[in-house]
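The values are calculated or read from the model by the stated rules, or taken from the named source; none is laboratory data. Treat the numbers as computed from the prediction; the structure is a model and nothing was measured. Using ideal geometry, Cβ is built from the backbone for each residue, glycine included, and neighbour counts are taken over all protein chains shown. Remember, those area values only see protein heavy atoms, side chains included, never the ligands or the DNA or RNA. Shrake-Rupley method; radii C 1.70, N 1.55, O 1.52, S 1.80 Å.
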Amino acid sequence: MKEFNYHSAKDSKEASKLASSGSAFLAGGMTTIPSMKLGLATYKDLIDIKNIKKLSGIKVSGKSVTIGAATKHVEVANSKDVKKAIPSLSSLAEGIGDPQVRNRGTIGGSIANNDPSADYPSACIALNATIHTNQRKIEASKFFKGMFETALKKGELIEAVEFQIPEKSSYQKHPNPASRYAVVGVYIAKYKSDVNVAVTGAKSCVYNDKEMAKALSGNFSSSSIDGMDLDSSDMNSDIHASAEYRASLVVTQAKKAVDAC
Amino acid sequence: MASLVGSRVERKEDKRFLTGKGRYTADINLANQTYAIFVRSPHARASIKKLNIDKALKSSGVVSVLTGKEVADDKIGGLIAGWAIRSEDGTEMKCPGNPPLAKDNVNFVGDPVAIVIAESLAEAKEAAEKVEVDYKVLKAVTSTAEAMNGDTIHEGIDKNLCFDWLLGDRQKVKEAFDKADKVISIDIINNRLIPNAMEPRACVADYNAASEEITLYTTSQNPHLSRLIMSAFGNVAPEHKLRVVAPDVGGGFGSKINVYNEDIVCSWAAKKINRAIKWVAERSESFLTDIHGRDHVTHAELAVTKDGKFLGFKNETIANLGAYARVFGTVTPTYLFGPCATGVYDIPAAYTNVKAVYTNTAPVDAYRGAGRPEATYTIERLVEKASMELGIDKTELRIKNFPTAFPFKQTLVHTVDSGDYVAGMEKAKQMADYKGFETRRRESEAKGKLRGIGVTSYFEACGIAPSAAVMSLGCGVGLWESAEVRFNPTGQVTVYTGSHSHGQSHQTTFAQIAADELGVPIENIDIVHGDTDKGTFGMGTYGSRSLAVGGIAIVNACKKIVEKGKRVTAKMLEANPEDVEFKDGEFIVSKSNKKKTIGEVAFACYLPGVRDEMKSPLPEGDEPGLKETSFYDPSNFSFPAGTHIAEVEIDPETGHVKLEKYTACDDFGRIINPMVVEGQVHGGLAQGIGQALYENAEYDETGQLMTGSYMDYTMPRADNFPEFNIGYTCTHATTNPLGVKGCGEAGAIAAPPTVMNAVIDALGGQEVTMPATAEKVWKACKNLKKSNSKAA
Ligand SMILES: Cc1cc2nc3c(=O)[nH]c(=O)nc-3n(C[C@H](O)[C@H](O)[C@H](O)COP(=O)(O)OP(=O)(O)OC[C@H]3O[C@@H](n4cnc5c(N)ncnc54)[C@H](O)[C@@H]3O)c2cc1C
């Protein structure tokens, strides 16, 4: 690892002031530290945001669940409030990586990183989330731009993620047996007027599968998507799964999610 | 006194391990030490056109940068293959030179070309990036199956072929096949694995200019052997000026048998710079440069009668050696593989032919089970297939072909001294509720799942390697083991063993044995291993040999102690030595019932003569002191055996395989410590199931390792396993006084075919290669659906 300067910011303002083109925020460090160790990324400055009090914590209202950006996966997994309001969200957090990762990794870091096989982005899409930053509010559908790409500007800090509580929901992940990231994960949430089918792992970026969402809006039953033949031409293919297999998994996991709702 | 052998004595080593007090190589820091980083080839195959170290030398904190040129100038030797194998046509095997730092050519990604030594690790890393190597990249050979058709990797080694070896009789096999009603044939890939010891390799080399001695602390399973090789072949220092210490070692599984490039280079360089050097592998270096395991491509056939009697067997295997032949690289796919190829069965005619090939991949060598898992996988997959094709129950078919009388002389090599395979099978079936499977299968079916059951009966030859047995095969190296038992004057005992514990609990089990033999409380016995300056030369730990060979050496040394004790007691108590009996730590004169404790005898041996009584207790001809040594070379291998049964449930929609039940019923002979044996079985099963369902080392066609981290290489985890159902049958080995056989590798040997047989059973006989990943199984499920709907 190359040398770098470590800063601990006391508030969002200081954090974004310290940010530059050669910096990264340090939340859980679960992505940043390994990539620095492997020489895949080098930063001049690491700006630790874990000590910014405002960024941690969970708030539940009648309509939404708001999670501070620096809240750890383990906290979401164990939160009674989240379990009650959106049980699928706490079980998603419980299924991320391993205990070490869950004890450090954060929701803000996860969605800022926007790994194509990360779990949280699918929750954001499915649960009509709003991303609160120190500058603005961004709708989830406009936040995830592409592989490891988001709408965040340099120095823009995620402060919290606000999820809309659905009628029912379920997240079904087919994990990569090695890393436990999603080979394919499907998050289905049913609201009064519509259904979201958020898919992660299958393509270069999380997406809402409109075709399945439409079918399920008509009839919220796994039979309405059974046997759907998805186009796999733009799906990921790697040593863990071919595009064809991923396409099939999307339908299978979606069916499981509907059945589990 | 109750016997300790056979009881669940708590592990003496746990206190230090569980409280973080273990002392591993990376924990060792010497005064004024430097830090090393190795510059490694990023290419699988290339020639080195130019290597420029000028910038690196000028980098901050750099002490020295050494390359293949200096290695050659100093006539430092290379790494070696420990076992000479002769081809079927009588020619000797062909091995390329393997200098510890490559000078002209690199042959796998990770092959080291330079060592950078600096005042700090960060400075060494920084400088290593400044070593400029100009490579001419050449086409890599990576496929095992195609290696013989690839470009020649090592000059003069035609077809990349190290040897083409035969064990058995082709003519007899042909005759057997001519008589057969049916021939079952199978094509198998035994997937390449990366051992992944929890502790990465490391070494700390020190030079004492006053004594001209090099001390190497290293992660080794066999420090004495390492010293011998480094001295005799590496030319690092004469043996008496080289001390090798393997302190606590965090797992080896065979990957730490080898002397590695870093051991030789750091030792040599420490003398050159006259300072200590520390090197600790990063995990990614472990993936790239630790020896890998398995990697066979096999075609095998079994000739059978229609009622299921096995008549003949042939096995044609291509074994990947990787870029170079290393210490056990050549013996693993031959003498550790071929003799076990026919499995537990009585097959009158058989041969095994192995072509060992070089490729531009990490060297392949002994990994837990070494050769025997590959052999067992082949025969057990074949037998399972035979049971399907013949329509004979898989357990009945096996029983039908078990030997019934022991000693059992196998067709190929081994004479198995003892066993009761039918008893093992019956007990395993009961433990696994084999009868109830059909009900469970229907329950799974009702849930839309596919359920399969798989069986493996295995035997293995371990306790490697009795000189008499291997020499008779034309194999150049025999292995024995040493032990030295030393009493202190005040009665505590230190046992020095030539074997090494890196997870095997010798500190406990060996002490149990010595405690029983000597009647000394276990607290008063220390087991010392892992230091060439302590105890006599020993061969180390691998091939489930520590107990069956090393343990017997301890027994024999203890027996010598007792013999001397009897003579001394006789003299002290004025009796005949023949009248002295030894029991529970006491020497008793049978006629007079007078006695001496072993502690009193030890004291007397060291301090002969008591005040006012100037008579020596030592009989004429006996020297003072109480210390005995034994070098034990067994007459034969030992042959653990057993039957394992697995049940899996498959989700046809995702292809996910869930291992529902796993039953292991093993015959390890006498068991010294059941708790320790359970640990060994669990670990072996985890690795064997890992091979079947999860682990796979994959290179792309340019020779880059695609699975070079835990993000891509699937290590099995606790939640991948059911509660293991473990049981034993017991027939004592007749070839050693303890009746022990060995248990370290059984799980890794039996589990792959057991699990795969279950998976393939669930898939209606469709072949799937290991690891049976969800996608492969999903594809098979789709085919199954297609063929089922056709049939309907
Ligand atoms: C072994 C392993 C297994 C894993 N398995 C999974 C898995 O199964 N599923 C899954 O979804 N994830 C998985 N992860 C990822 C993990 O969940 C982390 O959430 C993720 O690595 C990033 O979170 P972090 O808090 O560690 O971020 P960091 O590594 O600290 O930061 C990552 C990036 O996000 C930016 N960032 C962090 N916080 C903010 C913020 N508040 N505002 C703006 N930018 C910010 C940083 O600048 C940096 O670029 C795994 C990671 C590991 C190491």
Legend entry - Within the accessible area of the protein assembly as shown (1.4 Å probe), percent carbon and sulfur: 50
Inset, instruction - Roll a 1.4 Å probe over the protein chains and send me the accessible area per residue for region A:168-260 in Å². - result: 39
Inset, instruction - Find the Cα radius of gyration of region B:154-294, compare it with 2.2 N^0.38 Å by division, and give the number to two decimals. - result: 1.50
Inset, instruction - Beyond 21 Å between alpha-carbons counts as too far, so tell me which of B:Lys447/B:Lys658; A:Lys145/A:Lys255; B:Lys427/B:Lys741; A:Lys168/A:Lys214; A:Lys2/B:Lys21; B:Lys309/B:Lys661 fall in that bin. - result: A:Lys145/A:Lys255; A:Lys2/B:Lys21; B:Lys309/B:Lys661
Inset, instruction - Report the charge-dipole magnitude of the protein assembly as shown in Debye, nearest 20, computed about the Cα centre from +1 at each Lys and Arg Cβ and -1 at each Asp and Glu Cβ. - result: 2460
Legend entry - Gyration tensor verdict on the protein assembly as shown (Cα atoms; rounded if a/c is under 1.5, prolate if a/b is larger than b/c, oblate otherwise): prolate
Legend entry - Approximate spin-label separation B:Asp393-A:Tyr6, in nm, with each point projected 7 Å along Cα-to-Cβ: 6.6
Inset, instruction - Find how much the distance from A:Lys17 to A:Gln100 grows on full extension, using 0.36 nm per residue of separation minus their present alpha carbon separation; answer in nm with one decimal. - result: 26.8 nm
Inset, instruction - Compute the distance in nm between two label points, each set 7 Å from the Cα along the Cα-to-Cβ direction, one at B:Gln766 and one at B:Val137. - result: 3.8
Inset, instruction - Take every Cα pair under 8 Å in chain B that's 6+ residues apart, average their separations, divide by the length, and report that relative contact order as a whole percent. - result: 15
Legend entry - Sum of -39500 (n - 2.57) over DSSP H runs of 4+, divided by residues of chain A (222 nm, nearest 500): -8500 deg cm²/dmol
Legend entry - Cα-based Kirkwood hydrodynamic radius, region B:475-632, one decimal, Å: 16.2
Inset, instruction - For B:Lys272 and B:Phe631, calculate 0.36 nm times their separation in residues minus their Cα-Cα distance, and state this gained length in nm to one decimal. - result: 125.6 nm
Legend entry - region B:498-577 and region B:615-656: distance between their alpha carbon centers, rounded to Å: 13
Legend entry - Convex hull volume of region B:1-154 per residue (C-alpha atoms, cubic angstrom): 262
Legend entry - Whole-Å distance, taken between Cα centres, linking region A:114-137 and region B:146-211: 51
Inset, instruction - First select every other residue whose beta carbon is under 10 angstrom from the beta carbon of A:Asn114; then total the charges, Lys and Arg +1, Asp and Glu -1. - result: -1
Legend entry - Helical contribution to [θ] at 222 nm, DSSP H n ≥ 4, -39,500 (n - 2.57), averaged over chain B, rounded to 500: -8000 deg cm²/dmol
Inset, instruction - With a cut-off of 19 Å, note down the residues of region B:720-753 whose backbone N falls inside the zone around a label point 7 Å from the Cα of B:Ala423 toward its beta carbon. - result: B:726-743
Inset, instruction - Return one number: the angle in degrees, 0 to 90 and rounded to the nearest 10, between the long axis of the Cα atoms of helix A:243-260 and the longest principal axis of the Cα atoms of chain A. - result: 80
Legend entry - Percent of beta bridges antiparallel (DSSP, region B:475-632, rounded to nearest 5): 85
Inset, instruction - Mind computing the radius of gyration and Dmax over the alpha-carbon atoms of chain A? Å is fine for both. - result: 18.0, 57
Inset, instruction - For region B:394-509, state the semi-axes of the equivalent ellipsoid (square roots of 5 times the eigenvalues of the alpha-carbon gyration tensor), sorted largest first and rounded to whole angstrom. - result: 42, 24, 14
Legend entry - Using θ = phi - 60° and Karplus 6.51 cos²θ - 1.76 cosθ + 1.60, couplings along region B:318-328 (whole Hz; Gly, Pro as x): 9, 10, 7, 8, x, 6, 9, 8, 10, 3, 9
Legend entry - Backbone N within region A:66-108 under 15 Å of label point (7 Å from B:Leu121 Cα along the Cβ vector): none
Legend entry - Computed label-point distance, nm, for sites B:Lys435 and A:Ile33 using a 7 Å Cα→Cβ extension: 5.6
Inset, instruction - Add +1 for every Lys or Arg and -1 for every Asp or Glu among the other residues with Cβ under 15 Å from the Cβ of B:Ser3, and state the total. - result: 0
Inset, instruction - Rounded to whole Å and ordered largest first, report the semi-axes of the equivalent ellipsoid of region B:703-757 derived from its Cα gyration tensor (root of 5λ). - result: 34, 16, 11
Legend entry - Nearest-0.05 FRET efficiency for B:Lys241 and B:Glu581, computed from C-beta distance (R0 45 Å): 0.45
Inset, instruction - Give the shape of chain B as rounded, prolate or oblate, defined through the alpha-carbon gyration tensor: a ≥ b ≥ c are the square roots of its eigenvalues, a/c under 1.5 means rounded, and otherwise the shape is prolate if a/b is larger than b/c and oblate if not. - result: oblate
Legend entry - Minimum 10 Å² accessible area buried by the other protein chains, region A:154-198 residues, probe 1.4 Å, relative to alone: A:His174, A:Pro177, A:Ala178, A:Ser179, A:Arg180, A:Tyr181
Inset, instruction - Report the Stokes-Einstein translational diffusion coefficient (µm² s⁻¹, integer) for region B:656-765, Rh taken as the Kirkwood radius over Cα pairs, at 25 °C with viscosity 0.890 mPa s. - result: 156
Legend entry - FRET efficiency, B:Glu678 to B:Asn208 (Cβ-Cβ, R0 35 Å, nearest 0.05): 0.20
Legend entry - B/A buried area, accessible surface, summed, 1.4 Å probe, Å²: 1800
Legend entry - Residue list for region B:137-160, given a label point 7 angstrom along the Cα-to-Cβ vector of B:Gln704 and an amide N cut-off under 18 Å: B:137-143
Inset, instruction - On a C-alpha basis, how far is the centre of region B:451-468 from the centre of region B:1-64 in Å? Whole number, if you could? - result: 33
Legend entry - region B:255-330: GluC sites (Glu not before Pro) in DSSP coil with no more than 16 other Cβ atoms inside 10 Å: B:Glu282
Inset, instruction - Sorted from largest down, give the three principal axis spans of the alpha carbons of region B:106-179, whole angstrom values. - result: 71, 26, 19
Legend entry - Taking the convex hull of Cα positions in region A:168-260, its mean projected area over all directions (nm²): 5.5
Inset, instruction - Within a 10 angstrom radius of each residue's Cβ in B:768-774, how many Cβ atoms of other chains show up on average? Whole number is fine. - result: 2
Legend entry - Percent of alpha-carbon pairs separated by more than 18 Å within region B:76-221: 78
Inset, instruction - Estimate the FRET efficiency between A:Asp238 and A:Lys210 by the formula 1/(1 + (r/R0)^6), using the beta-carbon distance for r and 25 Å for R0, to the nearest 0.05. - result: 0.50
Legend entry - Student exercise, region A:1-160 dipole from Lys, Arg, Asp, Glu Cβ charges, in Debye to nearest 20: 420
Inset, instruction - Give, as a single signed number, the net charge of other residues whose beta carbon lies under 13 Å from the beta carbon of A:Ser248, with Lys and Arg counted +1 and Asp and Glu -1. - result: -1
Inset, instruction - Take the cross-link list A:Lys137/A:Lys256; B:Lys174/B:Lys790; B:Lys55/B:Lys103; A:Lys63/A:Lys142 and give me the ones stretching past 27 Å between alpha-carbons. - result: A:Lys137/A:Lys256; B:Lys174/B:Lys790
Inset, instruction - Would you be so kind as to identify which of B:Met198, B:Gln221, B:Ser143 lies farthest towards the positive end of the dipole of region B:105-235, taking Lys and Arg as +1 and Asp and Glu as -1 on Cβ and the Cα centre as origin? - result: B:Ser143
